[in-house]
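Participant: What follows is a structure written as structure tokens; I'll ask about it next.
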Amino acid sequence: RSHEIVENLKLHIKEAGMSDTVQVLTTGCFGFCEKGPIVKILPDNTFYVQVKPEDAKEIVAEHVVKGRKVERLLYVDPATTDCVSDSKHMEFYKKQMRVALRNCGFIDPENIDEYIARDGYAALGTVLTMTQQEVIDEVKKAGLRGRGGGGFPTGLKWEFAYKNQSDQKYVVCNADEGDPGAFMDRSILEGDPNSIVEAMAICGYAIGANKGLVYIRAEYPLAVKRLEIAIDQARNYGLLGENILGTAFSFDIEIKFGAGAFVCGEETALIHSMEGMRGEPTTKPPFPAESGYWNKPTNVNNVETFANVPVIFLKGADWFSKIGTEKSKGTKVFALAGKINNVGLIEVPMGITLREVIYDIGGGIKDGKKFKAVQTGGPSGGCLTEKDLDTPIDFDNLIAKGSMMGSGGMIVMDETDCMPAVAKFYLEFTEEESCGKCTPCRVGTKRLCEILTKIVEGKGTMEDLDTLKELSAAIKDTALCGLGQTAPNPVLSTLEAFEDEYLAHVRDHK
Ligand code: FMN
């Protein structure tokens, strides 16, 4: 539908004889998915929502030609019941802060000139005047932590790869994004691919690598296309390739495709998959920074982690580290989904509370129902409940609450959701996605699923509940990689918060 809207807008602008003065551009995602497709008219920032292809004629005739806003397409903010024409005044955007998503929705992602016009590649220019250690120190000082799930300090990871001497090193961007309901990385790559290319070059310079690889799932064709365009355009401008910006630094990027296996997002499995082997994890150490792609020092970072890097050099580590909490700096992008009014992609400063996210940004629970829980961290995470609503969201707080930040999936549940069934949903996913290499994960997730199915169908016993707890603890302790080690989390956290619901399902509970 969006393509049709673009075509119709172009057609009517042409018919109005305004093609020379009015441009129609396709951008990346604005984040407000619930209200899409969105058309924004600049320079007056009019924000039209749920636009249909047939609305293009009226938008052109009224707004573009006569300068009159089309009231019926303007967003009505439920907080004020006002028609709002500027995203800055919408409840959905008010508490957001766009750092990683800074260019999404603002630039044509297929035109490097637009990225450059918004300070694109200025960070790389600055970095190339610094020493490698200075670059690493700036990232450390910013306090950036990996957005792919683990929250490992990025500067420290770069330092490990930098200090490991080798004739060849690699930079890998992890764009596998396999969590159900997650689309953060996809939106960044579709909306601002140049920022990832620039960040990977900065990382390459810092650690001493001349080759970058993006591992991306083949199910993301638009992200792939835009990344390919960004890489080609950067090469044409001398921003990738030999002697970048006339310096001795050379760096280029290749794209590698994944086939949509969740486990291939785990960095060692990802590296094996890129080498043409089975996508199975191996034990760490050695970490990729020591022995990664073809056994060479390799720095693996997530897409969103990379998206933050140029900003650190544009605005400074001090600016960046002022955002967020003491140990979690900057912002986090979340894919807000489930039983919430404003489904969409949001970016918020770390330290914001769940209540602010769910009620102020998310607009509350759908159909006026009661909030029950929110699953953060996807299949590896856990559920947070009413009592956690005022907890500031950061890496450490979420872990302390029995969940985790993960890569940014946030699925909201209402009073009608059955929590053992929610746990079963996630376990079915991990069972299906287990690579089968280690027994605790291969067999353990299968057994957990069987027990959960019995419980959900009302056929479980108290003994089954005990086995569920025991087996979950055993899998956590013994599985080979993060997939298995975290697979029982949805069971354990729902058991902890909603044991009464499990008991109500069990046959022999008195
Ligand atoms: N990291 C990602 O960036 N994207 C993924 O899709 C992803 N999937 C993962 C799946 C599993 C089962 C596990 C255990 C880990 C996954 N990770 C994923 C984390 C990576 O192993 C790795 O820690 C991350 O890419 C490092 O980047 P960061 O430091 O920038 O977060």
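Participant: Where in the chain are the DSSP H helices whose C-alpha atoms run 18 Å or more along the long axis and whose mean Kyte hydropathy is at least -1.0?
Facilitator: For the chain, where a helix must reach 18 Å along its axis and average at least -1.0, the hits are 2-15, 193-207, 221-236, 303-315, 419-433, 439-456, 462-478.
Participant: What residue among 22, 193, 218 has its Cα farthest toward the positive end of the dipole of the chain, where the charges are +1 on Lys, Arg and -1 on Asp, Glu, each on the Cβ?
Facilitator: In the chain, that residue is 193.
Participant: For the chain, state the average projected area of the convex hull of the C-alpha atoms over all orientations, rounded to one decimal in nm².
Facilitator: Reported value for the Cα convex hull: 24.3 nm².
Participant: From largest to smallest, what semi-axes in whole angstrom does segment 29-110 give when each is the square root of 5 times an eigenvalue of its alpha carbon gyration tensor?
Facilitator: Working from the Cα gyration tensor, I get semi-axes of 21, 16, 11 Å.
Participant: Assigning unit charges at the beta carbon (Lys, Arg +1; Asp, Glu -1) and nothing else, what dipole magnitude in debye, to the nearest 20, does segment 331-414 show about its Cα centre?
Facilitator: 300
Participant: Kirkwood hydrodynamic radius (Cα pairs, Å) of segment 282-327?
Facilitator: Taking every pair of different Cα atoms in segment 282-327, averaging 1/r and inverting gives 12.8 Å.
Participant: Rounded to the nearest 5, what % of DSSP beta bridges with both residues in the chain are antiparallel?
Facilitator: Approximately 55 percent, going by the DSSP bridge assignments.
Participant: Grab the Cα-Cα distance for residue 507 and residue 7, subtract it from 0.36 nm times how many residues apart they are, and report the gain in nm with one decimal.
Facilitator: Taking 0.36 nm per residue and subtracting the Cα distance, the gain is 174.0 nm.
Participant: Rolling a 1.4 angstrom probe over the protein heavy atoms, how many square angstrom per residue are accessible across the chain?
Facilitator: Computed with neighbouring chains in place, this is 41 Å² per residue.
Participant: Please go through the residue pairs 95/322; 88/327; 339/401; 95/424; 10/66 and name each one whose alpha carbons sit more than 27 Å apart in this structure.
Facilitator: Flagged as over cut-off: 88/327; 95/424.
Participant: Rg to Rh for segment 424-487: what is it, with Cα atoms only and Rh by Kirkwood?
Facilitator: A ratio of 0.97.
Participant: Can you give me the Cα centroid spacing of segment 289-339 and segment 96-131 in angstrom?
Facilitator: 15
Participant: Treating the beta-carbon of each Lys and Arg as +1 and of each Asp and Glu as -1, no other charges, what is the dipole magnitude of the chain about its Cα centre, to the nearest 20 debye?
Facilitator: Roughly 300 debye for the chain.
Participant: When all C-alpha to C-alpha distances in segment 331-414 are sorted into bins of 10 Å, what percent of pairs does each bin hold, rounded to whole numbers?
Facilitator: For segment 331-414, the pair-distance distribution reads 20, 61, 18, 0.
Participant: Length gain on complete extension for the stretch residue 165 to residue 416, per 0.36 nm per residue less the alpha carbon to alpha carbon distance?
Facilitator: Gain on extension, residue 165 to residue 416, equals 84.7 nm.
Participant: Out of the total accessible area of the chain (probe 1.4 Å, heavy atoms of protein only), what percent is carbon and sulfur?
Facilitator: Within the chain, the accessible surface is 51 percent carbon and sulfur.
Participant: Can I ask one more? Quick one: how many lysine pairs in segment 96-211 have C-alpha atoms under 19 angstrom apart, if they're 8 or more apart or on different chains?
Facilitator: Summing the qualifying lysine pairs gives 8.
Participant: For a distance above 20 Å, tell me the whole-number percent of Cα pairs in segment 1-146 that qualify.
Facilitator: Looking at segment 1-146, the distances longer than 20 Å represent 58 percent of pairs.
Participant: Take every Cα-Cα distance within segment 112-320, group them into 5 Å bins from 0 onward, and report for each bin the whole-number percent of pairs it holds.
Facilitator: With a bin width of 5 Å, the distribution comes to 1, 8, 17, 22, 22, 17, 10, 3, 0.
The values are calculated or read from the model by the stated rules, or taken from the named source; none is laboratory data. Model, not experiment: these values are computed from the prediction. Ideal geometry is used to build each Cβ from the backbone, glycine not excepted, and the neighbour counts take in all protein chains shown. Heavy atoms of the whole protein, side chains included, go into the accessibility calculation; ligands, DNA and RNA do not. Shrake-Rupley method; radii C 1.70, N 1.55, O 1.52, S 1.80 Å.
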